[in-house]
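Asker: Sending over a structure as structure tokens; questions will come in a sec.
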Amino acid sequence: MVFCVGCKTSGNARPVGAVEEIKAPLGLPLVPIPADNPPTAQTIALGRKLFYDTRLSKDNTLACASCHNPNLGFTDGRSLSLGVGGMSGVRNAPTLLNAAYSPLQFWDGRASSLEEQSADPIANPIEMNQTHKVSVSKISGNPAYKAEFAQAFGPGPVTLEKIEKSLASFERTLLSGNSPFDRYEYGGEKTALTPGAIRGLAVFVDPKRGNCAACHTIHPAYALFTDGRFHNTGEGVNGEGEFNDLGRFGQTKLEADRGAFKTPTLRNVALTGPYMHDGSLKTLKDVVAFYAGGGDSNPDLDKEIKAISLSGQDRADLVEFLQELTGEMPKNAGPPGKE
Amino acid sequence: MRPFPLFNLCLAITLLAGCSGKVNTEQPGAAKSAPAPLYFKVGPGTAAVVTGTIRYQGKKPALKLIDMSEEPACVEAHHGKAYDESLVVNKKGALANAFVYVKSGLQGKTFEIPATPVTIDQSGCWFRPRVMGIQVGQVLKVVNSDPVTHNIHPMAQINREWNHSQGAGDPPLARKFTKPEVMIPVKCNIHSWMHAFIGVLDYPYFAVSGDDGTFEIKNLPPGTYAIAVWQEKLGTQEQQVTVGPLGKAEANFTFKGK
């Protein structure tokens, strides 16, 4: 390992501090933690600082938080994200709330962990557009960071791996549960949901009506509202029945994955519009209408989409239900220094 | 014998893959790859015309109110009451929205595909127009003028069946049909009362009867034709007409109600 600054395999940096327990709020399971990156107070704080730091972008204009803004449910409120210099991205920025539960990251699942994920936007030309080498040198050139990295990982240079691990540990604290739905379903609070939302929940789980839970799963003890898998809803198909963005197919080259995208969580969905991987549906009403119409036809349309059948009342109730999935926001998640 | 295993392999792959993608590549193009066909042009001194009136004999059906209450925005967009339009007869018994077309007599002639699209609008939570004709390969422009999402679904049997959702303010969709098919029923997957019917022909000789029941099919080459009429509730009828150069023929039809 000779001077592998900014290189994926740059060793086995391990946090040195005491392991911090991350508590799951009502309605969520324990957050999975990789063996080589137990969260510590130091790495979490470091990750938080990095998350809000524009130094990670080429022209010092963008931080992670520019596209994952805590005031917008950790999204950017745009259909497609804007990178440095106003470069338009090709996909909608997903929420980072509860992303820690996702076995694969990105709409197409191309990153297998939060650690692996975070290196991507930094160097992505249509996002932060800065080589990892430059990022590492900008961060390590800052004496405060240098000291914080040493506290978090022990002595040694700042590396991309340490940046990734810190960002990932911070992201593992971005948990949001205890929504009206959670208090109703898991907290025994029968008045936590409105009557319309209770009807909406029944539609949501009924395989003959909404069939939503076939993909946006609800477990008896917790609910992630995603199966972590990839499905074709027809969103983004063109007049020739083809997808400009092939989604999961780009990773697997499996025919059945053509136009398939990761099921997004629906927690906090009222805060995270516009919707879908291309941000083309503006409101929750639009999304529910999209499903009521049976999605958009194409050869690989998921069979679970075909099972959906919704009356006008069902649609209104579903929208009401989706609005009750807004949870409590995690503490200490905003810009550092502003508790 | 080399080409055969290869061909079979391709076939097998296509089948295994559930034909994904493949179905579509043939969609708009069929004519494109072939050398430009020789289009038939009707000589200026020869164009004939067939006109006529479609009538309905029998008790006029009672007005049937459409219940759009499940979509309040539709009720509003409609400004008042919406009535069923599956059988529109005026005071004099004239039948509107009948599709009239040349059913046979044009064999061997290839006609140019019009460059202008035919538009179907989702407006007031109806399809406008309700009955329409289009040529094979001509662009169908799908517009949504409503403040709600619609999902247009042409239930084609000969052409590819498809459905596509269109939100308020979304840009128009452009679609084509690749084969003649009379008629393709169209529904909105979201609003069960929305229906339309599209007749697809590979020549421009079709019309839809107006509120006064009349129709006109112009610019026909001289010849003998089967003229057919289709109405969504009443079925089909047909008769033969012969027109000479610059000729005029009449084809009137009467449907009997129950």
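Asker: Cβ-Cβ under 7 Å, sequence separation 6+ or interchain: first residue in segment A:116-128 and assigned to a loop (DSSP other than H, G, I, E, B), partner aliphatic (A, V, I, L, M). Which pairs?
Answerer: Close Cβ pairs satisfying both conditions: A:ILE126/A:MET87; A:MET128/A:LEU56; A:MET128/A:LEU62; A:MET128/A:VAL84; A:MET128/A:ILE122.
Asker: Can we say B:TYR101 is over 21 Å from the mean Cα position of the chain (by Cα) and of a type in the set (Phe, Trp, Tyr)?
Answerer: Criteria not met by B:TYR101.
Asker: Is it fair to say B:PRO44 is within 30 Å of B:VAL136 (Cα to Cα), part of a loop (DSSP other than H, G, I, E, B), away from chain A (no Cβ under 14 Å) and at pLDDT below 90?
Answerer: Criteria met by B:PRO44.
Asker: Give all pairs with beta carbons closer than 6 Å in which a residue from segment A:38-56 that is over 14 Å from A:LEU114 (Cα atoms) meets a residue that is β-branched (Val, Ile, Thr) and surrounded by 20 or more Cβ atoms within 10 Å (Cβ to Cβ); count only pairs at least 6 apart in sequence or on separate chains.
Answerer: A:LEU56/A:ILE122
Asker: Do we have A:ARG248 as at pLDDT 95 or above, crowded, with 20+ Cβ neighbours inside 10 Å and within 9 Å of chain B (Cβ to nearest Cβ) here?
Answerer: Judged against the criteria, A:ARG248 is not a match.
Asker: While we're here: Name the single residue, out of those in segment B:224-250 being without any contact (Cβ under 8 Å) to a residue 60 or more places away in the chain and within 24 Å of B:PRO61 (Cα to Cα), that is surrounded by the most Cβ atoms within 10 Å (Cβ to Cβ).
Answerer: Applying the filter and picking the extreme gives B:GLN237.
Asker: Take the conditions farther than 26 Å from B:HIS191 by Cβ, surrounded by fewer than 20 Cβ atoms within 10 Å (Cβ to Cβ), of a type outside the set (S, T, N, Q) and within 14 Å of another protein chain (Cβ to nearest Cβ) and apply them to A:GLU328. Does it pass?
Answerer: No, not satisfied.
Asker: Considering only residues of segment A:277-322 that are hydrophobic (A, V, I, L, M, F, W, C) and outside any helix (DSSP H, G or I), which is farthest from the other protein chains (Cβ to nearest Cβ)?
Answerer: The selected residue is A:ALA307.
Asker: Anything in segment A:238-274 that is in contact (Cβ under 8 Å) with a residue 12 or more places away in the chain, more than 30 Å from A:GLY327 (Cα to Cα) and of a type in the set (A, V, I, L, M)? List them, or say none.
Answerer: Scanning segment A:238-274 gives A:LEU246, A:ALA256.
Asker: If I ask for residues that are more than 14 Å from chain A (Cβ to nearest Cβ), more than 13 Å from the chain's Cα centre (by Cα), closer than 23 Å to B:HIS79 by Cβ and free of Cβ contacts under 8 Å to residues at least 60 places away in the same chain, which ones from segment B:126-171 would you list?
Answerer: Those that are more than 14 Å from chain A (Cβ to nearest Cβ), more than 13 Å from the chain's Cα centre (by Cα), closer than 23 Å to B:HIS79 by Cβ and free of Cβ contacts under 8 Å to residues at least 60 places away in the same chain: B:VAL143, B:SER145.
Asker: Considering (1) out of contact with any Leu (no Cβ under 8 Å at 6 or more places or on another chain); (2) touching a residue at least 24 places away in the same chain (Cβ under 8 Å), say which one A:ASN60 fails and leave the rest.
Answerer: Evaluating A:ASN60 over (1) out of contact with any Leu (no Cβ under 8 Å at 6 or more places or on another chain); (2) touching a residue at least 24 places away in the same chain (Cβ under 8 Å) leaves (2) as the failure.
Asker: So which residues in segment B:212-235 are of a type outside the set (Phe, Trp, Tyr) and under 15 Å from B:GLY52 (Cβ atoms)?
Answerer: Across segment B:212-235, the qualifying residues are B:ASP212, B:GLY213, B:THR214, B:GLU216, B:ILE217, B:LYS218, B:LEU220, B:ALA226, B:ILE227, B:ALA228, B:VAL229, B:GLN231.
Asker: A:SER176 passes all but one of (1) among the hydroxyl-bearing types (Ser, Thr, Tyr); (2) in contact (Cβ under 8 Å) with a residue 24 or more places away in the chain; (3) in contact with a helix residue (DSSP H, G or I) (Cβ under 9 Å, 6 or more places away or on another chain); which number fails?
Answerer: So the condition that A:SER176 fails would be (3).
Asker: Please work out which one of (1) within 30 Å of B:PRO37 (Cα to Cα); (2) within 14 Å of another protein chain (Cβ to nearest Cβ) is the condition B:ILE66 fails and give its number.
Answerer: Of (1) within 30 Å of B:PRO37 (Cα to Cα); (2) within 14 Å of another protein chain (Cβ to nearest Cβ), only one is false for B:ILE66: (1).
Asker: Would you confirm, using the coordinates I've provided, whether B:ILE198 is β-branched (Val, Ile, Thr), crowded, with 18+ Cβ neighbours inside 10 Å, in contact (Cβ under 8 Å) with a residue 40 or more places away in the chain and touching a Pro at 6+ places or on another chain (Cβ under 7 Å)?
Answerer: Here the answer is yes, as B:ILE198 does meet what is asked.
Asker: Considering only segment B:172-182, state which residues are within 9 Å of chain A (Cβ to nearest Cβ) and among the hydrophobic types (A, V, I, L, M, F, W, C).
Answerer: Those that are within 9 Å of chain A (Cβ to nearest Cβ) and among the hydrophobic types (A, V, I, L, M, F, W, C): B:LEU173, B:ALA174.
Asker: What pairs come up if the first residue lies in segment A:211-237 and is within 22 Å of A:GLU185 (Cβ to Cβ), the second is of a type in the set (D, E, K, R) and part of a loop (DSSP other than H, G, I, E, B), and their beta carbons are under 7 Å apart, counting only those six or more places apart or on different chains?
Answerer: Pairs that qualify, where the first residue is within 22 Å of A:GLU185 (Cβ to Cβ) and the partner is of a type in the set (D, E, K, R) and part of a loop (DSSP other than H, G, I, E, B), are A:CYS215/A:ASP227; A:THR217/A:ASP227; A:PHE225/A:ARG267.
The values are calculated or read from the model by the stated rules, or taken from the named source; none is laboratory data. Here the structure is a predicted model, which means the values were calculated and not measured. Cβ coordinates were reconstructed from backbone atoms using ideal geometry, including for glycine residues, and neighbour counts include every protein chain displayed.
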